[in-house]
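Notes to accompany the following structure.
The values are calculated or read from the model by the stated rules, or taken from the named source; none is laboratory data. Since the model is a prediction, treat every value here as computed from it, not as a measurement. Here the Cβ positions follow ideal geometry from the backbone for every residue, glycine too, while neighbour counts run over all protein chains shown. Protein only, heavy atoms only, side chains kept; ligands, DNA and RNA dropped before computing areas. Shrake-Rupley method; radii C 1.70, N 1.55, O 1.52, S 1.80 Å.
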Amino acid sequence: MKILIIGGGGREHAIAYKVSQSKRVDRLYCAPGNAGIEEYAECVDISAMDFDKLAAFAEKEKIDLTVVGPDDPLVAGIVDVFEAKNLRIFGPRKNAAIIEGSKAFSKELMKKYGIPTAAYEIFDSPEAAYAYLDNCKFPIVLKADGLALGKGVLICGSLEEAKAGVKRIMLDRQFGSAGDRLVVEEFMTGREVSVLAFCDGTHITAMTSAQDHKRAKDGDKGLNTGGMGTFSPSPFYTPKVDEFCKRYIYRPTIEAMKAEGRDFTGILFFGLMLTESGPRVLEYNARFGDPEAQVVLPRMKNDIVEVLEACLDGKLETIELEFEDNAAVCVILASDGYPEQYEKGFAIEGLEKFKDKCGFYAFHAGSRKTKAGIVTSGGRVLGITATGRDLKEARKNAYMAAGWVTFQNKYMRNDIGKAIDEAGKEA
Ligand code: AMP
Ligand code: GLY
């Protein structure tokens with residue numbers, strides 16, 4: 001088979017690695033790809049948002065299957081464009097990707113079908129939102145309705161902060177048209193867990209759990225980022241929690257989408273909060289998580305291409321997902337200053353240490369190949385993943401491997417997976 005992966009970040013590197021392991025694959029392409037993905041795939045210089053060029057490439061090269069990584073092309077309808085040309089593509093259509101593209105849509109869906117989530121109200125005007133906030137308890141959560149690079153969520157500790165937040169989202173339009181509508185949501189507390197699931201429109205099969213670390217600094221301080229590191233599995237995601245989620249969250253969600261005429265085929269990502277009164281949905285995404293994919297995929301035993309095909313054929317029930325009985329930790333190496341200002345273009349040294357080392361991965365996110373070698377080209381530069389027999393060992397390995405790589409202004413959090421030690425103490 002010839003496979004095309006769309007995207008060029010750490011998540012797509014992890015997908016490319018996993019797809020490259022499949023016995024079914026003869027040739028692998030990635031658009032636009034990155035300096036790390038080149039190891040497995042031929043990178044094609046076409047933007048993930050240029051659907052006409054991508055489809056023309058898929059037609060010309062007789063691509064058998066296209067796999068979409070990021071949210072933007074999915075929400076903008078890349079799957080519909082490919083399907084109209086009879087090209088096989090893995091991901092939700094536009095009318096299903098809206099589950100990520102509009103927080104108002106996803107909240108209404110959960111309310112209509114009784115899926116546990118935080119209480120909320122939706123506003124189309126700042127005046128109505130201000131009036132509502134006057135009678136709220138704090139903290140409260142404000143969410144821009146549309147896609148905002150994971151930054152459109154504000155947790156506000158007071159009325160003043162909340163009013164300033166409404167202004168930023170709806171009047172100053174800090175997140176552009178994503179702020180046309182506003183969701184105001186009850187603040188919840190608890191452990192956060194990410195669960196990714198394969199979906200074939202009718203059936204849903206969850207993968208192993210993971211946990212992200214969204215804040216820039218140790219101790220969950222600093223600004224929200226795209227994610228500074230992950231571990232898998234989450235010790236807090238117990239069999240009892242899994243049972244609850246399957247029954248009251250995963251199956252009801254895929255069934256709700258079907259009932260709405262929005263059959264979901266692709267990866268459904270559940271951002272969950274384990275509250276005192278049980279698991280609640282924080283958010284849905286319509287794709288693999290980044291950097292969740294970097295810890296979940298290296299642990300997956302199945303041939304991923306077989307699973308993707310089963311989803312497209314509506315036969316997910318014939319597949320039993322299997323994961324290694326181990327753990328993985330991913331530490332993001334970022335450019336100091338991320339997610340705000342940072343410098344780039346610095347030489348990255350030490351990547352050769354990962355060659356032929358089983359259980360160690362350097363997934364590229366913001367890197368670029370130059371004549372002088374590979375240099376930094378983004379805020380999140382690399383995702384260093386390592387596996388181990390358990391989370392403690394995986395964590396030790398990941399931080400050891402993070403030390404193999406050097407570049408100027410290298411920054412990382414030092415407490416990825418620290419919850420693991422806490423879990424040990426709680427147990
Ligand atoms: P989201 O993009 O919706 O996942 O939100 C980003 C982050 O904001 C989440 O990972 C949580 O840490 C936090 N968050 C979102 N919604 C809530 C909520 N209702 N209560 C508390 N924290 C929240
Ligand atoms: N790691 C969170 C996300 O992919 O949205």
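Details
- Fraction of accessible area attributable to carbon and sulfur, the range 1-93 (%, probe 1.4 Å): 42 percent
- Residue-level accessible surface for R168, protein heavy atoms, 1.4 Å, Å²: 90 Å²
- Extension gain for S47 to Q341 (0.36 nm times residue separation, less C-alpha to C-alpha distance): 103.4 nm.
- Additional length obtainable on full extension of the chain from K240 to N409, 0.36 nm per residue less Cα span: 56.5 nm
- Local charge for G227 was computed over the other residues whose Cβ lies under 11 Å away, with Lys and Arg +1 and Asp and Glu -1, and equals +2.
- For the range 263-371, the fraction of 1.4 Å probe accessible surface lying on carbon and sulfur atoms is 40 percent.
- Extended-chain gain in nm, criterion 0.36 nm per residue less alpha-carbon gap, S158 and Y113: 13.0 nm
- Residue-normalised accessible area of the chain, given per residue in Å² at a 1.4 Å probe: 43 Å²
- If only the Cβ of Lys and Arg carry +1 and only the Cβ of Asp and Glu carry -1, the dipole of the chain around its Cα centre is close to 500 debye.
- At R0 = 51 Å, FRET efficiency that the Cβ-Cβ distance of K60 and K167 yields, to 0.05: 0.55
- Rg over Rh [alpha-carbon atoms, Kirkwood Rh] for the chain: 0.95
- Ordering of 193-200, 342-349, 211-218, 291-298 by packing [mean C-beta count within 10 Å, highest first]: 291-298, 193-200, 211-218, 342-349
- Theoretical FRET efficiency, 1/(1+(r/R0)^6), r = Cβ-Cβ of K371 and K392, R0 30 Å, to 0.05: 0.10
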